[in-house]
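Worksheet for the structure shown next.
The values are calculated or read from the model by the stated rules, or taken from the named source; none is laboratory data. Given the structure is predicted, the values throughout are model-derived calculations rather than measurements. Here the Cβ positions follow ideal geometry from the backbone for every residue, glycine too, while neighbour counts run over all protein chains shown. When the accessible area is computed, the model is the full protein with side chains, heavy atoms only, and any ligands, DNA or RNA have been set aside. Shrake-Rupley method; radii C 1.70, N 1.55, O 1.52, S 1.80 Å.
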Amino acid sequence: MNCIRVNTGIPYDVLIRRGILRDAGAEIKKVKPNTRLAVITDSNVSPLYLHTLLNSLEQAGYRDIPSFTMPAGESTKSLENAGLLYQLLSQAKISRDCCLIALGGGVIGDLTGFVASTYLRGIPFIQIPTTLLAQVDSSVGGKTAVNLPTGKNLVGTFWQPSLVLCDPDTLSTLPEDVFADGVAEAIKCGMIKDAVLFDLLAHQDPQTHLEEIISRCICVKRDVVEKDEHDTGDRMLLNFGHTMGHAVENWMQYQQRHGQCVAVGMVMMVRAQVAAGMLAPTVLEKLLQICQKYCLPVSCSACWEDLFEICRQDKKSTTKGIRAILLRSIGDSYIQPFSFEEFKTFLRGGDQQ
Ligand code: NAD
Ligand code: GLY
C-alpha cells in the first residue's frame, strides 16, 4: 500500500491500495474511532459500492450509519442540494462530533466537502474517491465547491479531509470516457512536475500501473498544496491547460467532458509556446501522441479569438491579464503573467503554427 501524508494545516493521509474499500472500516477507525458516520454518495456509485462500504464499517463496529444518495451528475453540485443535505443531516441527528464520508467522484467529493465545511460551522469528512479524476486530483487538497447558474465552482471553501482512501479496483466500472477524463489530469501532473509519470502514461498500460500513477499524481498535488494551501501562488501550476480548457468547456456549453477540454487546452498552450520558440517541438509531438493513445481530442471547432474572449472573462483572470502556466520541458513548469494583448499575440502564434 502507498501512504502519502499531506502536511496541510491539519495533516492527513492518502492511502492507495487495490481492495482498500473492503477495509475502509478498519482504516477509518484508526483516525475516527468512537465517531458516528454518515455517507453521501450518488445514484451510480450507490448500487456498486455502498454495500461494501457499509459492511466494512459495520465490521469495524460502526452502527446507525445514515446514507444519502444524490442524483449522479454535475448538476447535483448545487446550493439547493447542499441545503437539502443540511436538512437530512440535521434530521438524522448528525452532530459536530460526527464525520461525513464522500463515496463517489469529484461531484460528490466537492459537494460533501462543502457541506462538511459549513454544516454546524464545520465537521470532519473523509474522501473515498471512485473516479480516476477524483483519485488523482479532486479528493486531495481541500477545495470544495458548488456551482451557481452563472458558473462552475463559484461558491466554495478550503476544507481538508481527515483521510482519503483510493481503491483503484473501483475504477474497473468506470465508463471509458470518464476514465479518460482522469487520464487527462494525470497527463497534466506529468507535464508540470513529473517526467517519469508522463513516460509511464505514454508507454505503459495504465491499468497495470494504476497504483503508481495515482500515487505519483497525488505526490505532485501534495507538493504544490503544501506550499500554497489557499491557492495564491504555486498551486496555480495545477491549472496547466485549464485556462484554455475552461474556455473550451464554456464554449461547448459544458457538453464536452472536462478532461477532454483540458487536453485541448494543454495542446493549445504547448503549440503556442513552440510557435514562440519557447519550447522544443518534440514536447508538442509527445503530447499529441499521448492524447491519441487515450482518445483525447487535441483541437476543437472554436476559433482562438472566441476562446480568448471567454478567457478574458474567466474568474481567474485579473483586471491586468492572465497568469498562464507554461513549460520549460516535460516535468518543469512555471507561472507566466501576460497582459491580455500579450496573451492574444501568444495564442495567435499557436494558431498559425
Ligand atoms: P463525477 O463525480 O460526476 O463522476 C463522473 C461519473 O462517473 C458520474 O456519472 C458518476 O456517477 C460516475 N461514477 C463515479 N464513480 C464510478 C465508478 N467507480 N463506476 C462507475 N461510475 C462511476 O465527475 P468526476 O469527473 O469524478 O469529477 C468532476 C467534478 O470534480 C467537477 O465538478 C469538478 O469541478 C470537480 N473537481 C474538483 C477539484 C477539486 O480540487 N476539488 C479538482 C478537479 C475537479
Ligand atoms: N484542481 C486544482 C486545485 O486543486 O488547485
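Observations, loosely collected:
- Condition met for Leu210 (in a helix (DSSP H, G or I) and either open to solvent by less than 10 Å² (accessible area, probe 1.4 Å) or closer than 19 Å to Cys291 by Cβ (or both)): yes
- Restricting Val146, Val183 to those that are assigned to a strand (DSSP E or B) and in contact with a Leu (Cβ under 7 Å, 6 or more places away or on another chain) reduces the list to Val146.
- Given (1) in contact (Cβ under 8 Å) with a residue 60 or more places away in the chain; (2) more than 10 Å from ligand 1 (Cβ to nearest atom); (3) surrounded by 24 or more Cβ atoms within 10 Å (Cβ to Cβ), number of the condition Leu148 does not satisfy: (3)
- Options Leu165, Leu154; residue that is open to solvent by 50 Å² or more (accessible area, probe 1.4 Å), among the aliphatic types (A, V, I, L, M) and part of a strand (DSSP E or B): Leu154
- Against the test of being closer than 23 Å to Ile218 by Cα and in contact with a Lys or Arg (Cβ under 7 Å, 6 or more places away or on another chain), the options Ile20, Ile4 yield a single qualifying residue, Ile4.
- Among (1) without any contact (Cβ under 8 Å) to a residue 40 or more places away in the chain; (2) more than 14 Å from ligand 1 (Cβ to nearest atom); (3) part of a helix (DSSP H, G or I), the one test that Gly265 misses: (2)
- Within region 60-74, residues that are open to solvent by 30 Å² or more (accessible area, probe 1.4 Å) have Cβ atoms under 7 Å from residues that are part of a loop (DSSP other than H, G, I, E, B) in these pairs: Asp64/Arg36; Thr69/Ser43; Pro71/Ser43; Ala72/Ser43; Ala72/Asn44, counting only partners at least 6 apart in sequence or on another chain.
- Tyr254 meets all of the listed conditions (1) at pLDDT below 95; (2) at positive phi; (3) open to solvent by less than 60 Å² (accessible area, probe 1.4 Å) but one, namely (3).
- Look at region 282-303: where a residue is modelled with pLDDT under 95 and a partner is surrounded by 15 or more Cβ atoms within 10 Å (Cβ to Cβ), sitting 6+ places away or on another chain with Cβ atoms under 6 Å, you get Cys300/Val248; Cys300/Val264; Ala302/Trp251.
- Among the residues of this structure, Ser75 counts as one that is within 15 Å of ligand 1 (Cβ to nearest atom), over 17 Å from Gln127 (Cα atoms) and out of contact with any helix residue (DSSP H, G or I) (no Cβ under 7 Å at 6 or more places or on another chain).
- Here Thr318 qualifies as on the phi < 0 side of the Ramachandran plot, more than 16 Å from ligand 2 (Cβ to nearest atom), part of a loop (DSSP other than H, G, I, E, B) and open to solvent by 40 Å² or more (accessible area, probe 1.4 Å).
- All of Gly241, Gly277, Gly233, Gly265 fail the test of being within 12 Å of ligand 2 (Cβ to nearest atom), modelled with pLDDT of 95 or more and either surrounded by fewer than 17 Cβ atoms within 10 Å (Cβ to Cβ) or small (Gly, Ala, Ser) (or both), apart from Gly241.
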